[in-house]
Amino acid sequence: MSKGHTIPLLHFARLLLRRNFSVTLFTTTANRPFIADSLSGTAASIVTLPFTVSTTNNDIPPGIESTDKLPSMSLFFEFAMATASIQPHFEQALETLPRVSFMVTDGFLWWTLQSANKFHIPRLVFFGMSCYSVSVFREAGMQGIFRGPQPDDELVELTRFPWIKICKEDLEPSSRNAEPGSIPYEFNVKLIGASVNSYGTVVNSFYELEPLFVDYLKTTNTSHKYWCVGPLCLADDVGSFSGTKEPKWMTWLHQKKKCSVLYVAFGSQAEVSNEELEEIAMGLEESMVSFLWVIRKKDWVLPKGFEERVEGSGMVVREWVDQREILNDERVGGYVSHCGWNSVVESVCGGVPMVAWPMMAEQHVNARMVEEELKVGIRMETCDGRVRGFVKREGVSKCVKELMEGERGIQLRQNVKVLARIARMAVQEGGSSWSALDHLIHELCSKK
Ligand SMILES: O=c1ccn([C@@H]2O[C@H](COP(=O)(O)OP(=O)(O)O[C@H]3O[C@H](CO)[C@@H](O)[C@H](O)[C@H]3O)[C@@H](O)[C@H]2O)c(=O)[nH]1
């Protein structure tokens, strides 16, 4: 129940529909329109289930059914725990379905494993993370890095992957400091337990992007299967805009030169403070780079007069955009990204290099992957050099200029364009992701 998890699952549904599967999507009342809209014109069935947050948590207003609508991400764990209230309705609905070959459910919906077991349906987990980040977290956890005596920002080498160094700050504080009995701790225990006990994991990645880490996951837990079937964003046609009016930001973009526009966006749930918004705005203005900046919440405040001053060279959008369409436009030459995994994959597919500015969840490790492993981005400079340090306007301006105008940007653009080509090959007939989906289908659909 989060856009960053729903969108790739919808793409996955499309892949199955193309292979003539009968697909049923389960959602909740408030999320239904987004799903129905995305799958309009397909033969998918949609089942709507009620979601009621327990009255003991008055902080989550009724009717909030997706993390992007939460008043604060600090409510995330309670929200995620509350999804278990859907389980009885889900099971009632399962009773009405004809034979089901397999179910694919989001990793955060741990309770769906119990339902799957009751109905003898293999459950595949959709986790939405890269194999790199799962491998790095697993190895760092086993090495005790997050609970070690070293300072929070001290880098420690991973024994298994000695070229990777990480620090405690790479992990979210809520997970790092979670004590047994706390909601974050109990939630993590539930979701990890349900994931490892599920039939397998569907990954939004492709083998050639991270072969070492795909192999690591496959060989270190042979009882659990991994299928890299991505990039899932390529399952859908880009720019399939069917409305009568082109969005104003696309019209604006179409007036620009090739590779001249910087796209700035931080996904569907990151919280950006007023102080940070001011530094981003001033940094963009100082850089003189042309930019398209998508702001998630209408009430986020920008410095007075900023939009008027940058008019023409910069555009601020306060609406939901088709991000894939933007990243696939040849006028976009760089992306300041929070490094949510979907955004990283979409940027790679669009051949757009990144300034990696991670904000939450596993994004700090994704940012390492973008800069150090894939070499398709640079890390946003923080004022004290720490991974969670404050970003000032000088850092913004310096990094975006380096990406858009510097030698390093040219090299990164070349690197990412190579990966974009390989990504397309992976999903074509005979490609690695195409074949992985073939194997998945064959294995699960030949089961009686
Ligand atoms: O105006 C918008 C804003 C977002 N998006 C799309 O929304 C998705 C956002 O996903 P992502 O980039 O992964 O960011 P989050 O929404 O922050 O995703 C959460 O889920 C991801 C997948 O598990 C994690 O990698 C992230 O860390 C976590 O924050 C992408 O497909 C974007 O294209 C739009 O299309 N239009």
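The values are calculated or read from the model by the stated rules, or taken from the named source; none is laboratory data. These numbers were taken from a predicted model, which means no experiment stands behind them. Heads up, the Cβs are rebuilt from the backbone with ideal geometry, glycines too, and the neighbour counts pull from every protein chain shown. We work out accessible area using only protein heavy atoms, side chains counted, and drop any ligands, DNA or RNA first. Shrake-Rupley method; radii C 1.70, N 1.55, O 1.52, S 1.80 Å.
Being more than 18 Å from the chain's Cα centre (by Cα), within 16 Å of the ligand (Cβ to nearest atom) and of a type outside the set (G, A, S) narrows it down to one residue among F108, F79; which is it? Show your work before the answer.
Values: F108 fails: more than 18 Å from the chain's Cα centre (by Cα).
Residue meeting the stated conditions: F79.
Residues in segment 6-19: is at least one assigned by TED's automatic domain parsing to the domain that holds S435, under 21 Å from G128 (Cβ atoms), in contact with a strand residue (DSSP E or B) (Cβ under 6 Å, 6 or more places away or on another chain) and not aliphatic (A, V, I, L, M)?
Within segment 6-19, none of the residues are assigned by TED's automatic domain parsing to the domain that holds S435, under 21 Å from G128 (Cβ atoms), in contact with a strand residue (DSSP E or B) (Cβ under 6 Å, 6 or more places away or on another chain) and not aliphatic (A, V, I, L, M).
Among the listed residues E91, E78, E95, which satisfies the condition of being out of contact with any Asp or Glu (no Cβ under 7 Å at 6 or more places or on another chain) and at pLDDT below 95?
None of the other options fit; the residue is E78.
Being open to solvent by 50 Å² or more (accessible area, probe 1.4 Å), over 26 Å from L209 (Cα atoms) and not acidic (D, E), is that true of even one residue in segment 396-418?
Yes, there is a match, as at least one residue in segment 396-418 is open to solvent by 50 Å² or more (accessible area, probe 1.4 Å), over 26 Å from L209 (Cα atoms) and not acidic (D, E).
Going by what's in this entry, would R296 be described as basic (K, R) and more than 25 Å from K417 (Cα to Cα)? Spell out how you get there, then give the answer.
Working: basic (K, R): yes; more than 25 Å from K417 (Cα to Cα): yes.
For R296, the condition - basic (K, R) and more than 25 Å from K417 (Cα to Cα) - is met.
Report, by residue number, each residue of segment 398-441 that is aliphatic (A, V, I, L, M) and over 30 Å from K225 (Cβ atoms).
Matches in segment 398-441: V400, L403, M404, I410, L412.
Give the residues of segment 28-59 that are within 16 Å of the ligand (Cβ to nearest atom) and either under 24 Å from A361 (Cα atoms) or β-branched (V, I, T) (or both), sorted by residue number.
N31, F34, I35
Please go through segment 234-256 and give me each residue that is closer than 20 Å to V317 by Cβ and modelled with pLDDT of 95 or more, ordered by number.
Residues satisfying the conditions are P247, K248, W249, M250, T251, W252, L253, H254, Q255, K256.
What are the pairs, 6+ residues apart or on separate chains, where a residue within segment 425-438 that is surrounded by 21 or more Cβ atoms within 10 Å (Cβ to Cβ) has its Cβ under 9 Å from a residue that is polar (S, T, N, Q)?
Short answer, once both residue conditions are applied: A426/S432; A426/S433; V427/S433; S433/S205.
Filter segment 109-137 down to the residues that are of a type in the set (G, A, S) and assigned to a helix (DSSP H, G or I) and list them by number.
S115, A116, S133, S135, listed by residue number.
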